[in-house]
Amino acid sequence: MNKVFFLSSALLGAAHATSYPLTLTDDLGRKVTLKAEPMRIVSFLPSDSETLCAIGGCGKLVGVDEYSDFPAQVTKLPKVGNLYQPNIEAVVALRPDIVIVSKYGDLIQPLTNAGITVVAVNPETYEEVFSKTIILGKIINREAQAKALVIQMRRDIAKVEILTKNAVKKPTAYYEIDPTPYTVGPNSFIGVLLTKAGAINIIPASLGDFPKISPELVVKSAPQFIFGMNLAAAKARPGWNTIPAVKLGRVVEDKALDQLLSRPGPRLPQALAGLAKVVHPELFK
Amino acid sequence: MSAAITVSRRLALISLPTLLLLAAALVTALLAVGLGSVPISPAETLQAIRHGLSGAELSGNDVIVWQLRLPRVALGFLVGAALAVSGGAFQAVFRNPLADPYLMGVASGAGLGATLVIALGLTTLWLPLFALSGALLSVFIALAIAREGGRLPPARLILAGVVVGSILTAFTTYLLLQSEDRIRQVFAFTLGNLAFAGWPQVGRLLPYVLIGGGVLLLLSKALNTLQLGDLTARSLGLPVERLRLLVIIAASLCTAGAVSYAGIIGFVGLVTPHLVRRLWGADYRVLLPVSAVAGGTLLVLSDLLARTLTRPAELPVGVVTTLLGGPFFLYLLRRQKT
């Protein structure tokens with residue numbers, strides 16, 4: 001994706017203003033051409049809605065999916081369902097210049113049939129949060145703002161990282177995304193934040209980004225922190241009362257933090273800071 | 001006649017297949033306790049079991065062997081046994097080889113119960129209670145609808161069960177679409193999950209299996225008679241309708257208990273009685289107890305593979321039971337033909 005971006009900016013030769021028509025390859029590998037700067041946008045991804053607003057595109061949003069809830073002004077916009085239960089008629093009625101979707105869900109065909117330009121932009125890895133921000137900036141002619149946002153985000157993240165890098169002890173941690181149990185590998189987007197927060201993820205990278213793991217592994221690894229579940233649930237699991245995190249009551253269920261961590265968007269530094277404060281409270285006194 | 005059955009039954013139970021099955025059960029249990037996502041030596045495993053039995057304070061690998069692996073094997077065996085016995089009993093009362101433990105909407109009811117817990121955001125501690133209630137509720141609705149006068153005709157029962165099951169599944173799907181971030185959890189339930197088996201769960205499931213399974217074993221002679229057809233069975237003095245009702249309730253109790261602690265595990269209950277029938281014959285007094293051992297072994301083996309093939313990651317156990325049992329079943333089916 002980065003390559004595509006650099007290539008197109010080199011071809012167009014413009015540093016700030018996007019020149020249209022703009023052709024780019026989206027996350028589904030489709031070539032999409034925008035004839036002019038989009039003025040009416042519908043977003044189907046909460047993280048994309050946040051990014052669009054953070055780079056000065058909030059005024060262009062005319063509709064969002066039902067999960068988009070930040071910043072507050074997007075909650076007043078018409079809702080168009082979600083990726084899996086979209087309200088196509090509602091989207092068409094909003095007469096958008098462009099609809100931003102994920103690579104999941106099957107929105108491309110029905111919207112394209114309705115004559116609407118669709119582009120899939122869904123950040124998944126840590127680095128993609130930044131590269132997709134730039135792409136969104138390019139799409140809506142707010143490239144300078146997008147670059148500024150990325151610089152600001154990287155700066156805020158570095159501030160936390162400088163603190164946690166010097167932490168004397170790095171506690172081990174287990175982050176559960178659902179009680180089946182599925183967890184996050186160190187290279188996943190949440191896994192990267194966990195490491196940057198000064199924790200050591202007990203999950204080996206070889207298992208992939210979102211592996212279903214054996215509870216034996218968690219008991220054996222004896223993590224000092226557990227995220228994504230509550231203490232009562234952890235205690236109820238066979239053998240888990242021997243895990244240091246459970247013994248010391250360091251099982252952290254923070255719905256607000258979990259939600260921040262599930263949004264690969266502009267609030268990434270906030271999510272990291274929240275995580276770091278839990279793992280290293282001594283550094284934030 | 002009854003003397004002849006007794007002799008052949010004894011012969012069937014001490015045959016070579018029985019000895020092989022018992023050996024397989026023992027070897028599987030030993031392997032399942034010894035192997036897992038965390039490598040633990042046999043000496044350490046034995047020591048852990050000693051520590052566990054003595055009630056000493058457990059630490060390190062002791063915890064894994066005694067509190068995670070052993071109960072997981074025990075629960076797996078109980079669930080497999082419960083499903084296989086219920087499957088055999090359902091096939092007997094419906095005289096239909098395609099009957100399985102989930103026939104009366106048991107699985108759909110349990111699935112809806114589990115989905116409710118997850119969709120309402122309740123703690124998963126409620127899951128067994130809701131799954132059990134859902135399973136039993138669907139069975140009773142199907143029974144009430146299928147009842148025709150004082151009778152329970154098998155064809156009506158199957159139809160009622162299938163439709164009640166479909167309706168409940170539609171509810172489940174609707175609930176899931178309303179809370180799509182939890183789909184994976186419900187999905188995992190529908191593939192079966194033994195990951196969080198502990199001694200308390202084993203203790204709570206045991207009564208269902210003992211009572212439900214016990215009733216079925218006691219009725220096995222009557223099930224044999226039922227194979228002669230409703231008319232003949234009735235003329236031999238068998239209370240066919242009451243028997244059918246009792247078997248359905250006992251088998252559903254067994255299955256519902258298993259589903260509520262291990263999720264929906266496919267194939268064990270359908271395939272095990274067939275395999276047993278091919279090797280031991282169709283006498284239900286042999287078929288049901290042998291199915292229990294075989295079903296338990298099959299599930300423990302499947303779970304062992306589920307947690308070791310990709311360790312320390314895990315596969316859903318239902319996927320393994322189907323991949324293991326399915327081809328074997330097809331092979332037997334094919335061989336029988338030629």
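The values are calculated or read from the model by the stated rules, or taken from the named source; none is laboratory data. It should be emphasised that the depicted structure is a prediction, and the values quoted were computed from it without experimental measurement. A quick note on method: Cβ atoms are made from the backbone with ideal geometry, for glycine too, and the neighbour counts reach across all protein chains shown. Heads up: the accessible areas ignore ligands, DNA and RNA and are worked out on the full protein's heavy atoms, side chains in. Shrake-Rupley method; radii C 1.70, N 1.55, O 1.52, S 1.80 Å.
Do any residues in the stretch A:251-270 that are in a loop (DSSP other than H, G, I, E, B) and modelled with pLDDT under 90 have Cβ atoms under 9 Å from those of residues that are hydroxyl-bearing (Ser, Thr, Tyr) and open to solvent by less than 70 Å² (accessible area, probe 1.4 Å), where the two are at least six apart or on different chains, and which pairs are they?
A:SER262/A:SER47
Can you tell me which residue among B:LEU305, B:LEU301, B:LEU275 is surrounded by fewer than 24 Cβ atoms within 10 Å (Cβ to Cβ), of a type in the set (A, V, I, L, M) and within 14 Å of chain A (Cβ to nearest Cβ)?
On the way: B:LEU301 fails: within 14 Å of chain A (Cβ to nearest Cβ); B:LEU275 fails: within 14 Å of chain A (Cβ to nearest Cβ).
Answer to the selection: B:LEU305.
Looking for whichever is surrounded by fewer than 24 Cβ atoms within 10 Å (Cβ to Cβ) and modelled with pLDDT under 90 here; the options are B:ILE141, B:ILE145, B:ILE158. Which one fits?
Details: B:ILE141 fails: modelled with pLDDT under 90; B:ILE145 fails: modelled with pLDDT under 90.
Going through B:ILE141, B:ILE145, B:ILE158 in turn, just one is surrounded by fewer than 24 Cβ atoms within 10 Å (Cβ to Cβ) and modelled with pLDDT under 90: B:ILE158.
Is there a residue in the stretch A:226-239 that is at positive phi, more than 21 Å from the chain's Cα centre (by Cα) and either surrounded by fewer than 22 Cβ atoms within 10 Å (Cβ to Cβ) or within 14 Å of chain B (Cβ to nearest Cβ) (or both)?
Residues of the stretch A:226-239 that are at positive phi, as a first pass: A:228, A:239.
Narrowing further to those that are more than 21 Å from the chain's Cα centre (by Cα): A:239.
This time we only want the ones that are either surrounded by fewer than 22 Cβ atoms within 10 Å (Cβ to Cβ) or within 14 Å of chain B (Cβ to nearest Cβ) (or both), so: A:239.
Yes.
Just to check your reading of the model, which residue among B:ALA188, B:ALA251 is out of contact with any helix residue (DSSP H, G or I) (no Cβ under 9 Å at 6 or more places or on another chain) and either over 30 Å from A:ARG237 (Cα atoms) or not aromatic (Phe, Trp, Tyr) (or both)?
Being out of contact with any helix residue (DSSP H, G or I) (no Cβ under 9 Å at 6 or more places or on another chain) and either over 30 Å from A:ARG237 (Cα atoms) or not aromatic (Phe, Trp, Tyr) (or both) holds for just one of B:ALA188, B:ALA251, which is B:ALA188.
Identify the residue in the stretch A:193-218 that is β-branched (Val, Ile, Thr) and open to solvent by 20 Å² or more (accessible area, probe 1.4 Å) and, among all such residues, is nearest to the other protein chains (Cβ to nearest Cβ). Don't jump to the end; show me each part of the working.
At the first step, the residues of the stretch A:193-218 found to be β-branched (Val, Ile, Thr) are A:195, A:200, A:202-203, A:213, A:218.
Subset that is open to solvent by 20 Å² or more (accessible area, probe 1.4 Å): A:195, A:200, A:202.
Details: A:THR195: 19, A:ILE200: 16, A:ILE202: 10 Å.
Selected residue: A:ILE202.
Could you tell me whether the stretch A:109-120 includes any residue that is touching a helix residue (DSSP H, G or I) at 6+ places or on another chain (Cβ under 6 Å), at pLDDT below 95 and more than 14 Å from chain B (Cβ to nearest Cβ)? Spell out how you get there, then give the answer.
Of the residues in the stretch A:109-120, the ones touching a helix residue (DSSP H, G or I) at 6+ places or on another chain (Cβ under 6 Å) are A:110, A:114, A:118.
Going one step further and asking which of them are at pLDDT below 95, we end up with A:110, A:114.
Then keep just the ones that are more than 14 Å from chain B (Cβ to nearest Cβ); that gives A:110, A:114.
Within the stretch A:109-120, one or more residues are touching a helix residue (DSSP H, G or I) at 6+ places or on another chain (Cβ under 6 Å), at pLDDT below 95 and more than 14 Å from chain B (Cβ to nearest Cβ).
Could you look through the stretch B:172-191, keep only residues that are in contact (Cβ under 8 Å) with a residue 12 or more places away in the chain and over 24 Å from the mean Cα position of the chain (by Cα), and pick out the one that is farthest from the other protein chains (Cβ to nearest Cβ)?
Filtering the stretch B:172-191 down to residues in contact (Cβ under 8 Å) with a residue 12 or more places away in the chain leaves B:172, B:175-176, B:178-179, B:182, B:185-186, B:188-191.
After this cut, where a residue has to be over 24 Å from the mean Cα position of the chain (by Cα) as well, the list is B:175-176, B:178-179, B:182.
Details: B:LEU175: 13, B:LEU176: 10, B:GLN178: 9, B:SER179: 11, B:ARG182: 7 Å.
It comes out as B:LEU175.
Could you check the stretch B:120-144 and list, in sequence order, the residues that are more than 22 Å from A:ALA234 (Cβ to Cβ) and either among the aliphatic types (A, V, I, L, M) or in contact with a helix residue (DSSP H, G or I) (Cβ under 7 Å, 6 or more places away or on another chain) (or both)? It would help to see each step written out before you state the result.
To start, the set of residues in the stretch B:120-144 that are more than 22 Å from A:ALA234 (Cβ to Cβ) comprises B:132-144.
If the condition is that a residue be more than 22 Å from A:ALA234 (Cβ to Cβ) and either among the aliphatic types (A, V, I, L, M) or in contact with a helix residue (DSSP H, G or I) (Cβ under 7 Å, 6 or more places away or on another chain) (or both), then B:LEU132, B:SER133, B:GLY134, B:ALA135, B:LEU136, B:LEU137, B:SER138, B:VAL139, B:ILE141, B:ALA142, B:LEU143, B:ALA144 are the ones that fit.
Could you please find all residues in the stretch B:28-75 being modelled with pLDDT of 90 or more, open to solvent by 50 Å² or more (accessible area, probe 1.4 Å) and more than 18 Å from B:LEU309 (Cβ to Cβ)?
B:LEU30
Matching residues to (1) surrounded by 14 or more Cβ atoms within 10 Å (Cβ to Cβ); (2) among the polar types (S, T, N, Q); (3) over 25 Å from A:GLN270 (Cβ atoms); (4) out of contact with any Cys (no Cβ under 7 Å at 6 or more places or on another chain):
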{"site": "A:ALA93", "(1), (2), (3), (4)": "no, no, yes, yes"}
{"site": "A:GLY115", "(1), (2), (3), (4)": "no, no, yes, yes"}
{"site": "A:ILE135", "(1), (2), (3), (4)": "yes, no, no, yes"}
{"site": "A:ASN141", "(1), (2), (3), (4)": "yes, yes, yes, yes"}
{"site": "A:VAL150", "(1), (2), (3), (4)": "yes, no, no, yes"}
